[in-house]
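The values are calculated or read from the model by the stated rules, or taken from the named source; none is laboratory data. From a predicted model like this one, the values you see are computed outputs, not experimental measurements. Every residue, glycine as well, gets a Cβ built from its backbone with ideal geometry; the counts of neighbours run over all protein chains shown. Accessible surface areas use protein heavy atoms only, side chains included; no ligands, DNA or RNA. Shrake-Rupley method; radii C 1.70, N 1.55, O 1.52, S 1.80 Å.
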Amino acid sequence: MSKKRTYSDAFLRYGFVNLPSGGEDRPQCVVCHKVLTNESLKPSKLSAHLQKCHPNLQNEDQAYFQRRAVALKNIQFGSSGIQAQKLQAAVEASYFVAYKVAEQQKCHTIADNLIMPCAYEMVSKVCGEDQAKKLSVISLSNNTIRRRVDDMASDILSQVTTEIKESSYSKFSLQFDESCDVASCAVLLGFVRYVHQDKIKEEFLLCEDLLTTTKREDIFNIINSFFTTNELDWNSVQQVSVDGAPSMMGRNRGLRGLIQAVNPEISVDHCIIQRYSLGSKNLPGNLKLVFEDVLKIVNFIKSMDVNSRIFRELCKEMGEQYQVLLYHTDVRWLSRCKVEWLARLCYLADIFAELNSDDLQLQGQNTTVIDAHHTVTAFLGKLRLWIRRLEKGVIAQFPTLDQTNILVSSDSMKNAV
């Protein structure tokens, strides 16, 4: 089966527009209106048609063919507008599919390779072959989906920047995070919080690749270029939140220094979520030894596929709810679920479950520093309550530890808390 070719906007310079038919792109000449096959979607073949059939137009610029394309569209859809409505519906359907593909974070080719064949079969079975053929006007090629996603992203960015500039409150806040994706590519993520129609809105602002180094100059240049392109003013920035990396928070050698050099009135703060996570990682010596033992066990099980399979079967035989282990990372708590050693392990599982729960409450859209402060304050209050309960020998607040029925000294657990 031959590979389907896709239309490119660059083909207009040869005098061809796209005319989808039968689920594939086909080039149509804007001069003679001839429709070529999908295999002809090559610059060499399109150029050959122009040289052979319209040699007097070889030196015309793309603007000329653009005008001919508009005229061709008027001829195709006429004054009644009925066909134009069908075309509009097809374009809307194409955008809807592109939106769903992007929303589910799927490969763009899934639209043409899976969604369209399934839709064709469903309509054919339910409504008949004639109705199914009408779906052929919907373009779902890889390039089309990419263009649709880019169009929607540009439109959303335009809406966000317009709302920022037209806000009744002239100031807005930013949050930046430099991290690596699953492919180990460094990216810079940015979020913005501003006032729109007397309501606080929080939107995703930018996602840019850091192609070489991740120094403060690289990060600042990307942000500054984004501001210039979208006509945003540094004087309107009130506060910037970043992580605690030296390239971010350093007053003299970090992004903080460069931002405040542009506008000294900008407040640059350390993100509360990361400060909370870093503070929560300080373990007492006796618990740290247990934690390190657990990490060695986990890493041994995960080091070989056969170890993981044996562990899974062991968990099945024991009737355990969880049968797969996760590696421990610095940005995600591990489910860290001789008698004293086991008691400390159970305690770690319980306390990290609480930390995970609080960490999730610190995140999410429209979470303010007031909300985060209340969450941390409430957790500290729980810790003080648990210490008082431990002094009385009560461990019901730690369900995993409580279920083991292990007797431990209250002083030991109090010190752990």
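When you scan segment 12-26, do you find a residue that is part of a helix (DSSP H, G or I), open to solvent by less than 40 Å² (accessible area, probe 1.4 Å) and among the aromatic types (F, W, Y), even just one? Checked against the condition, which is being part of a helix (DSSP H, G or I), open to solvent by less than 40 Å² (accessible area, probe 1.4 Å) and among the aromatic types (F, W, Y), segment 12-26 yields at least one hit. Note on segment 357-397: among residues that are part of a helix (DSSP H, G or I) and in contact with an Asp or Glu (Cβ under 7 Å, 6 or more places away or on another chain), the one that is surrounded by the most Cβ atoms within 10 Å (Cβ to Cβ) is T375.
If a residue has to be within 19 Å of the chain's Cα centre (by Cα) and either part of a helix (DSSP H, G or I) or exposed (fewer than 12 other Cβ atoms within 10 Å of the Cβ) (or both) to count, how many in segment 108-125 make the cut?
The total comes to 1.
Which of the following residues is part of a strand (DSSP E or B), at pLDDT 85 or above and either open to solvent by 80 Å² or more (accessible area, probe 1.4 Å) or within 25 Å of D155 (Cα to Cα) (or both): F191, F226? Matching residue, one of F191, F226: F191.
Quick grid of which residues meet (1) part of a loop (DSSP other than H, G, I, E, B); (2) modelled with pLDDT of 75 or more; (3) more than 30 Å from V268 (Cβ to Cβ); (4) in contact with a Phe, Trp or Tyr (Cβ under 9 Å, 6 or more places away or on another chain):
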residue: L334; (1), (2), (3), (4): yes, no, yes, yes
residue: L348; (1), (2), (3), (4): no, yes, yes, yes
residue: I351; (1), (2), (3), (4): no, yes, yes, yes
residue: L355; (1), (2), (3), (4): no, yes, no, yes
residue: D402; (1), (2), (3), (4): no, yes, yes, no
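Among the residues of segment 194-214, some residue qualifies, meaning at least one is surrounded by fewer than 17 Cβ atoms within 10 Å (Cβ to Cβ), of a type in the set (F, W, Y) and under 14 Å from the mean Cα position of the chain (by Cα). Within the set R309, R256, R251, R275, the sole residue that is assigned to a helix (DSSP H, G or I) and modelled with pLDDT under 80 turns out to be R275.
Within segment 131-145, track down each residue that is in a helix (DSSP H, G or I) and either surrounded by 15 or more Cβ atoms within 10 Å (Cβ to Cβ) or modelled with pLDDT under 85 (or both). The answer is A132, K133, K134, L135, S136, V137, N142, N143, T144, I145. Given the conditions (1) in a helix (DSSP H, G or I); (2) at pLDDT 70 or above; (3) out of contact with any helix residue (DSSP H, G or I) (no Cβ under 8 Å at 6 or more places or on another chain); (4) open to solvent by 40 Å² or more (accessible area, probe 1.4 Å), and given that D411 satisfies all but one, which numbered condition is not satisfied? The failed condition is (2).
For segment 146-180, a tally of residues being open to solvent by 40 Å² or more (accessible area, probe 1.4 Å), of a type outside the set (K, R) and assigned to a helix (DSSP H, G or I) returns 11. With respect to S179, is the statement that it is modelled with pLDDT under 85, over 20 Å from E231 (Cβ atoms) and out of contact with any Leu (no Cβ under 6 Å at 6 or more places or on another chain) true? Answer is yes for this residue. Being modelled with pLDDT of 80 or more, outside any helix (DSSP H, G or I) and over 26 Å from C180 (Cβ atoms) is a description that does not apply to I406. No other residue among T6, T37 is under 30 Å from E121 (Cβ atoms) and exposed (fewer than 13 other Cβ atoms within 10 Å of the Cβ) apart from T37.
In segment 62-101, of all residues being modelled with pLDDT of 85 or more and among the polar types (S, T, N, Q), the one that is surrounded by the most Cβ atoms within 10 Å (Cβ to Cβ) corresponds to S94. Among the residues of segment 27-54, just one is in a loop (DSSP other than H, G, I, E, B), touching a His at 6+ places or on another chain (Cβ under 8 Å) and at pLDDT 85 or above, namely L36.
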